[in-house]
Amino acid sequence: MLVAATTSCGSEFHVLITLWPIPIFLTLHNAAEVITCGIEKFVQKEQISLLKICRVLILLVAAGCLPFCDPQFDADGYFWAVIHLLCAGGYKVYHKLRRPSSLSDPEQQYINYASSVVVLAFASHPTGDLFSALDFPFLYFYSFHSSCCASGLLGFLLTLHTLKLKSSISSGQYAAWNCLAKVITAGLSPIVFETAVNVSTVCCLFLGGFAEVLLLYTERSGS
């Protein structure tokens, strides 16, 4: 259910932020770690290192200040972002604490995707998405359907490749590759897409980037 909720809220989130710069999306998406750390600290009473707490606080400040600095502020987009982050953070905690099973990570992903399709298909009628889809302006464009299929397929393959990469290298090496990928994506996005930011927004983005560097350091040091 958490996966289905994350997917549903994430779809609303992604539709509403299509005009947002990619670095803003990455900063907000990283804020799911705040939810995860909060549950571990206050609900499960786990011991968390001071460095990790500092990183989470930096993420919270960076993501929390974005709505007040974003020149393309959209209330609906940020609302669905919060719901998406709550579900994503909750799923991370559940995945970490679930009992060991005979299923491998790829098999678990297959089940997650299949169950999400079934749940969202049945939920499309009561939520009104089934009939509102008929009014979508690009519903009868082949390019829209082909891009949706390509996005879903590439996202699924990327998930499988990520799982394979995580299982074949250390957590510190994975954090380094993940950080490098985000830096390259954020750096190239202004070249490919039109980006509207101001000084305050850039400061929030740099704070989010600094939190990524702290994550890399904590993974390398094992703290």
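The values are calculated or read from the model by the stated rules, or taken from the named source; none is laboratory data. Everything numeric in this text was worked out from a predicted model, so none of it was measured. Here the Cβ positions follow ideal geometry from the backbone for every residue, glycine too, while neighbour counts run over all protein chains shown. For accessibility, only protein heavy atoms count, side chains too; no ligands or nucleic acids. Shrake-Rupley method; radii C 1.70, N 1.55, O 1.52, S 1.80 Å.
Being free of Cβ contacts under 8 Å to residues at least 24 places away in the same chain, open to solvent by less than 70 Å² (accessible area, probe 1.4 Å) and outside any helix (DSSP H, G or I) is the filter here, so list the residues in region 45-62 that pass it.
Within region 45-62, Glu46, Ile48 meet the criteria.
Working only within region 138-152, note down all residues that are in a loop (DSSP other than H, G, I, E, B) and open to solvent by less than 90 Å² (accessible area, probe 1.4 Å). Reasoning before the result, please.
Filtering region 138-152 for residues in a loop (DSSP other than H, G, I, E, B) gives 138-141.
The answer is Leu139, and nothing else.
Suppose we keep only residues that are in contact (Cβ under 8 Å) with a residue 40 or more places away in the chain and within 20 Å of Glu40 (Cβ to Cβ) within region 63-86. Which one would you say is surrounded by the most Cβ atoms within 10 Å (Cβ to Cβ)?
Taking the candidates together, the pick is Ala63.
Condition first: in contact (Cβ under 8 Å) with a residue 24 or more places away in the chain, open to solvent by less than 70 Å² (accessible area, probe 1.4 Å) and outside any helix (DSSP H, G or I). Can you find one or more residues in region 187-195 that meet it?
Checked region 187-195: at least one residue is in contact (Cβ under 8 Å) with a residue 24 or more places away in the chain, open to solvent by less than 70 Å² (accessible area, probe 1.4 Å) and outside any helix (DSSP H, G or I).
For Leu205, which of the numbered conditions (1) open to solvent by 50 Å² or more (accessible area, probe 1.4 Å); (2) part of a helix (DSSP H, G or I) fails to hold?
Every listed condition holds for Leu205 apart from (1).
When you check His14 against the structure, is it open to solvent by 70 Å² or more (accessible area, probe 1.4 Å) and modelled with pLDDT under 85, yes or no? It would help to see each step written out before you state the result.
Numbers: open to solvent by 70 Å² or more (accessible area, probe 1.4 Å): yes; modelled with pLDDT under 85: yes.
Considered against the rule, which asks whether it is open to solvent by 70 Å² or more (accessible area, probe 1.4 Å) and modelled with pLDDT under 85, His14 comes out as yes.
Scan region 153-166 for residues that are exposed (fewer than 12 other Cβ atoms within 10 Å of the Cβ) and at pLDDT below 85 and jot them down.
Just the residues of region 153-166 that are exposed (fewer than 12 other Cβ atoms within 10 Å of the Cβ), to begin with: 153-155, 157-158, 161.
Result: Gly155, single match.
Let me spell it out: the conditions are (1) at pLDDT 85 or above; (2) under 23 Å from Glu219 (Cβ atoms), and Gly172 meets all of them except one. Which number is the exception?
That leaves (1) as the condition not met.
I need the full set of residues from region 154-170 which are over 19 Å from Gln108 (Cβ atoms) and assigned to a helix (DSSP H, G or I), in order please.
From region 154-170, those over 19 Å from Gln108 (Cβ atoms) are 154, 169-170; that's our starting set.
Within region 154-170, just Leu154 meets the criteria.
Say whether the condition of being polar (S, T, N, Q), within 30 Å of Arg220 (Cα to Cα), surrounded by 10 or more Cβ atoms within 10 Å (Cβ to Cβ) and more than 18 Å from the chain's Cα centre (by Cα) is met by at least one residue in region 105-114. Break it down stepwise before answering.
Filtering region 105-114 down to residues polar (S, T, N, Q) leaves 108-109, 112.
Then drop every residue that is not within 30 Å of Arg220 (Cα to Cα), which leaves 108-109.
From the residues that got through so far, the ones that are surrounded by 10 or more Cβ atoms within 10 Å (Cβ to Cβ) too are 108-109.
Remaining after also requiring more than 18 Å from the chain's Cα centre (by Cα): 108.
Yes.
Looking only at region 20-33, how many residues end up being open to solvent by 20 Å² or more (accessible area, probe 1.4 Å) and under 16 Å from His95 (Cα atoms)?
Counting residues in region 20-33 that are open to solvent by 20 Å² or more (accessible area, probe 1.4 Å) and under 16 Å from His95 (Cα atoms) gives 1.
Residues in region 123-131: is at least one loosely packed, with under 10 Cβ neighbours inside 10 Å and not in a helix (DSSP H, G or I)?
Within region 123-131, one or more residues are loosely packed, with under 10 Cβ neighbours inside 10 Å and not in a helix (DSSP H, G or I).
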